[in-house]
1. Right, F160: of a type in the set (F, W, Y) and not assigned by TED's automatic domain parsing to the domain that holds M285 or not?
2. Looking at (1) outside the structural domain of K350 (by TED's automatic domain parsing); (2) surrounded by fewer than 21 Cβ atoms within 10 Å (Cβ to Cβ); (3) within 14 Å of the ligand (Cβ to nearest atom); (4) at pLDDT 95 or above, which one does P35 not meet, given that it meets all the others?
3. I'm trying to understand the selection: among the residues of segment 238-274, which are among the charged types (D, E, K, R), within 14 Å of the ligand (Cβ to nearest atom) and modelled with pLDDT of 95 or more?
4. I need the full set of residues from segment 101-130 which are among the β-branched types (V, I, T) and within 11 Å of the ligand (Cβ to nearest atom), in order please.
5. Would you please list the contacts, defined by Cβ atoms under 8 Å and residues six or more apart or on different chains, that run from a residue in segment 313-332 that is among the hydrophobic types (A, V, I, L, M, F, W, C) to a residue that is surrounded by 13 or more Cβ atoms within 10 Å (Cβ to Cβ) and not in a helix (DSSP H, G or I)?
6. Can you work out which of the residues in segment 164-190 that are surrounded by fewer than 19 Cβ atoms within 10 Å (Cβ to Cβ) and outside any strand (DSSP E or B) is farthest from the ligand (Cβ to nearest atom)?
7. I'd like to know if segment 288-303 contains one or more residues that are of a type outside the set (K, R), under 17 Å from E64 (Cα atoms) and modelled with pLDDT of 95 or more.
8. Would you confirm whether or not segment 45-63 contains a residue that is crowded, with 19+ Cβ neighbours inside 10 Å and at positive phi?
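The values are calculated or read from the model by the stated rules, or taken from the named source; none is laboratory data. Quantities reported herein were computed from a predicted structural model and do not represent experimental measurements. No Cβ is skipped: glycine too gets one built from the backbone with ideal geometry, and neighbour counts run over all protein chains shown.
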Amino acid sequence: MTESMTPLDIEIRRRIDAAGPMPVGQYMALCLADPQHGYYVTRDPLGARGDFTTAPEVSQMFGELIGLWVVAVWHQMGKPENVRIVELGPGRGTMMKDALRAAKVMPGFLDAAVLHLVEINPVLQAIQEQTLAGSHVPQFWHKTLNEVPRGPAIVVANEFFDALPIDQAIKMTDGWHRRTIGIGDDGNLKYVIDEAPLPRFETTLPAALHAAEDGEIFEWRSDTETMDLGRRLARDPGAALIVDYGHSESSTGDTLQAVRDHVFADPLAAAGEADLTAHVDFEAMSRTLEAMGTQVYGPLAQAAFLSRLGIDSRAAKLKSAGSREQAHQIDSAMARLTGFGRTGMGSLFKVIACTNPSLPVPPAFES
Ligand SMILES: C[S@@+](CC[C@H](N)C(=O)[O-])C[C@H]1O[C@@H](n2cnc3c(N)ncnc32)[C@H](O)[C@@H]1O
């Protein structure tokens, strides 16, 4: 068993031997962000040669439309000087590069903008520095949103929150029990259920889940990043746009998944070598953002959001200016970004906006 183990597999087993089964959230945090071996610290996971592809990597149209949203919000804010354009988890910097190119349509925006990129991955940070080198906008990198200086801000995040750790509980006859990770007789990691129920756990659940049946799994994510975002936007002028995959209403289900080389893998194998993610619970996220004092809009399905921002006419324009081969690529990008089939992101991915209450309804969220 030990032959094929990653350094993190060994470390996780050492910790379980010493302290007993590990909460799913702790396991996920180690796999993704362990400072030495974590998945998001050691590599560029994106693109054909990585493990997965995201919307900005599918087509320039995605980042361009986000850029148009950003400048429209800046206009709604009264065009403040020194506006912080913050991206959480910027990947290769592709979305921001495309957004800044599109943002040139708004006179004065690029002179007012200062980029703040929140990233824990040194490999990706180096790529972001290269990607954004020609953008002529001041750029700063931070490990957390809280390090970004206060002031007017527009925050964007694509596939950031799904990479933050979740915890899980399972419904049993005597209440909800925490789901943890232990070591099986064969030496492999396996799910274990804590013996004692979590005290008063049902009181924290949305009412619709009080009728959950035995065996159903509920997932929750630490609110820290969402609370930081909400607190900031309630205090200072600004808005945020969050795009991610997940469900509009809190519900049950085991959504923890691992992806490696573009195929699903076992989340409990090869720790630190696969991308681990779980659905974003947009209802829980919206409740937290509202509790912090912001105004929340959506969720909208990604297809509806991109359509309201004009993806059809952008695609038509790009097609008319390109070759047949390029037109074909744009058609397949459209199918990926807005389609509803198995590989389409159109409905699985959702978008919410959150604003300082003084701002009007942000673009695309008008009813
Ligand atoms: C799934 S990738 C998405 C990248 C990019 N937004 C895109 O759409 O292509 C997640 C991004 O968040 C970063 N990341 C993951 N966990 C993070 C954390 N806890 N704090 C800051 N950045 C994080 C990753 O390094 C990566 O840049």
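1. So F160 does not fit the description; no.
2. Here P35 meets the rest and fails (4).
3. Of everything in segment 238-274, just one residue is among the charged types (D, E, K, R), within 14 Å of the ligand (Cβ to nearest atom) and modelled with pLDDT of 95 or more, namely D244.
4. Within segment 101-130, V118, I120, V123, I127 meet the criteria.
5. From segment 313-332, the pairs are I330/S59; I330/G322.
6. For segment 164-190, the residue satisfying everything is T173.
7. Within segment 288-303 (the criterion being of a type outside the set (K, R), under 17 Å from E64 (Cα atoms) and modelled with pLDDT of 95 or more), the answer is yes, since at least one residue qualifies.
8. no
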